[in-house]
Number of protein chains: 2
Amino acid sequence: MKKEHLILVTNDDSVNAKGIHALVEVAKQFGEVVVVAPDKPQSGMGHAITIHDPLRLKKTNLFENTNAYACSGTPVDCVKLAIYEVLNRKPDLILSGFNHGENSSTNVLYSGTMSAAIEGAMEGIPSIGFSLADYSADADFEPAKFYATKIVMQVLKSKMDKGICLNVNIPKLSITEIKGIKVCSQAHAFWADRFEKRLDQYGQPYFWLTGEFSDMDKRPDTDLHALKHGFVSVVPTQYDLTAYSSIEKYKSLEDESHS
Amino acid sequence: MKKEHLILVTNDDSVNAKGIHALVEVAKQFGEVVVVAPDKPQSGMGHAITIHDPLRLKKTNLFENTNAYACSGTPVDCVKLAIYEVLNRKPDLILSGFNHGENSSTNVLYSGTMSAAIEGAMEGIPSIGFSLADYSADADFEPAKFYATKIVMQVLKSKMDKGICLNVNIPKLSITEIKGIKVCSQAHAFWADRFEKRLDQYGQPYFWLTGEFSDMDKRPDTDLHALKHGFVSVVPTQYDLTAYSSIEKYKSLEDESHS
């Protein structure tokens, strides 16, 4: 394969995270890599963009032989700045990750990693978000790199469907334990949130978001099911949130308005 | 109708915005209202949650005869804090808005207003995001209130479909100019972003996100089409981002992994 692609790599754990360095190694096999990623952790930022503050962009030499920039904004800001300021043209591929921690199920909505990939899809660029189900800063990304290489290779071979990106999650298993890849749907799980209430030095309350994740989805084809059974999960993910199957039901609102 | 419902009202423009005060007036017709909304503007925050900082929650008397709290976090944080700390039970309805400015088309992804409603849907609570296509702080919300009342009335009458919320946009028109309600799909439009580059007092660059919105979607049933033609748009909006129609295509990744 010719090294001809222009590949943007970003993440939400910042330019300092081990995961993005591992993903850059994957990307370099396929073309010229440019990194534009947050200058500090931006986990949980979802599809946030920075509109009330200006953005800063600084060249960094954290990535050997690779043009790389640390951005003061969110992952979605990084994608926008990369396309419109750094690259001055749309890249051929956007890779976001490796996230330190799983982004399966409804976590896709909170995930800065996946929002960067979704933003890429909105720009019409083949985009993939990669997450490893291991939160540790020193996680082993070798199995993740193997599967990311496989998936990128195939995505570059065939055109990506319009309006979608891929959400790839890799279980925390060794290369021999991982059973393969499953193409899945996003599990309908959710966070049963709790807040830890504390008092500050003035006796004023503050809250830390915490909670427990519960999988209520009994379907066998979900990403959570695949991960639990030792597979890498791949969910084709779209930015069209229309619930087409509900349109008919709400048509009655139209009658109401004309009555 | 009995005043029996517990209704949470939130937004992304903060407790000080005219829009949320207008929406509280709508909500009060249907039950007990509690406000938990950001203490400062949180537009463009998408589905962001606050995980690296603690959250603050302060009672405010900005809303006459209404329990109201200003929260230091994002709109999604507000919904979570409301359910798990303030109300101690799930409300019967969540209303988010009125946003000062349209949240049609792909703006739904960036919108804090809509993310609050989507979070409500994830919690299994009937939720509606309302936006008026008028950015001005002093916008006239009377026509918006009329249509919101109509829509809330109907939503309370019939059960909402599982996994969805409604995205309602009201055009900037007088009550006599608005032609009615259209139930629509989310238009496939996007922002052609630009950044305005400036230099600070030290000669260092910074960037302001700006851009132009372009509607590339020729379908006649989109929210942008409805708004352009004088209708209130209602889009049933889901949090399941799975592109089900693309799953088959990517099944080849599974073969690849077993070869």
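Odds and ends about this structure:
- Near the amide H of A:Asp134, within less than 5 Å, lie the amide hydrogens of A:Gly101, A:Glu102, all on another chain or at least 5 residues away, with H placed in the peptide plane.
- DSSP beta bridges fully contained in the stretch B:121-259 are about 65 percent antiparallel.
- Taking label points 7 Å from Cα along the Cα-to-Cβ direction, A:Asn88 and B:Tyr135 give a separation of 2.8 nm.
- Per-residue mean of C-beta atoms belonging to partner chains within 10 Å, peptide A:118-127: 2
- Taking the stretch B:49-177 and dividing mean pair separation by its residue count, relative contact order in percent (alpha carbons under 8 Å, at least six apart): 22
- For the stretch A:23-78, the set of GluC sites (Glu not before Pro) satisfying both a DSSP loop assignment and a count of at most 12 other C-beta atoms within 10 Å is given as A:Glu64.
- Dipole magnitude of chain A, debye to nearest 20 (Cβ charges: Lys/Arg +1, Asp/Glu -1, about Cα centre): 660
- The packing ranking, built from the mean of other Cβ atoms within 10 Å per residue, places the peptides A:99-109, A:235-245 in the order A:99-109, A:235-245, highest first.
- With the label put 7 angstrom out from Cα along the Cα-to-Cβ vector, B:Leu173 ends up 5.6 nm from the copy partners, going from closest to farthest.
- Protection proxy ranking of B:114-124, B:137-147 - average other beta-carbon atoms within 10 Å, highest first: B:114-124, B:137-147
- Scaled to the globular estimate 2.2 N^0.38 Å, the Cα spread of the stretch B:112-258, given as radius of gyration, is 1.35.
- Percentage of interatomic Cα-Cα distances in the protein assembly as shown larger than 36 Å: 30
- Ranking of A:Leu95, A:Leu156 by count of other Cβ atoms within 10 Å, fewest first: A:Leu156, A:Leu95
- Largest-first principal axis extents of the Cα set of the stretch B:105-148 (Å): 32, 22, 17
- Pairwise FRET efficiency - A:Asp221 versus B:Asp255, Cβ, R0 = 22 Å, nearest 0.05: 0.85
- Distance distribution P(r), the stretch B:70-142, all Cα-Cα pairs, bin width 5 angstrom from 0: 3, 17, 25, 23, 17, 10, 4, 0 percent.
- Peptide B:180-186 - average C-beta neighbours from other chains (10 Å radius): 6
- Take B:Asp215, push a point 7 Å out from Cα through the beta-carbon direction, and compare it with the same point in every other copy: 4.3 nm, smallest first.
- Estimated translational diffusion coefficient (Stokes-Einstein, Kirkwood radius over Cα pairs, 20 °C, 1.002 mPa s) of the stretch A:167-207: 144 µm² per second.
- Distances between copies of B:Lys90, taken at a point 7 Å out from Cα along the Cα→Cβ vector and listed shortest first: 4.0 nm.
- Spherically averaged projected area of the stretch A:175-255 from its Cα convex hull (nm²): 10.7
- The fraction of all Cα pairs in the stretch B:1-131 landing in successive 10 Å bins from 0 to the largest distance is 15, 52, 30, 3, 0, given as whole percents.
- Kirkwood hydrodynamic radius over Cα pairs of chain A, then Stokes diffusion coefficient at 4 °C and 1.567 mPa s, in µm²/s: 67
- Peptide A:141-150 - average C-beta neighbours from other chains (10 Å radius): 1
- Summary of the geometry: the stretch A:159-177 and the stretch B:79-96, compared by the centres of their Cα atoms, lie 34 Å apart.
- Fewest-first sequence of B:Ser246, B:Ser214 by Cβ atoms within 10 Å of each Cβ: B:Ser214, B:Ser246
- Around the amide H of A:Ser127, modelled in the peptide plane, lie the amide H atoms of A:Ile94, A:Leu166, all under 5 Å away and 5 or more residues distant in sequence or on another chain.
Laboratory data are not the source of any read-out in this text; all were calculated from the coordinates shown. For clarity, every value in this text was computed on a predicted model and none was experimentally measured. Cβ atoms come from the backbone with ideal geometry, glycine included; neighbour counts cover every protein chain shown.
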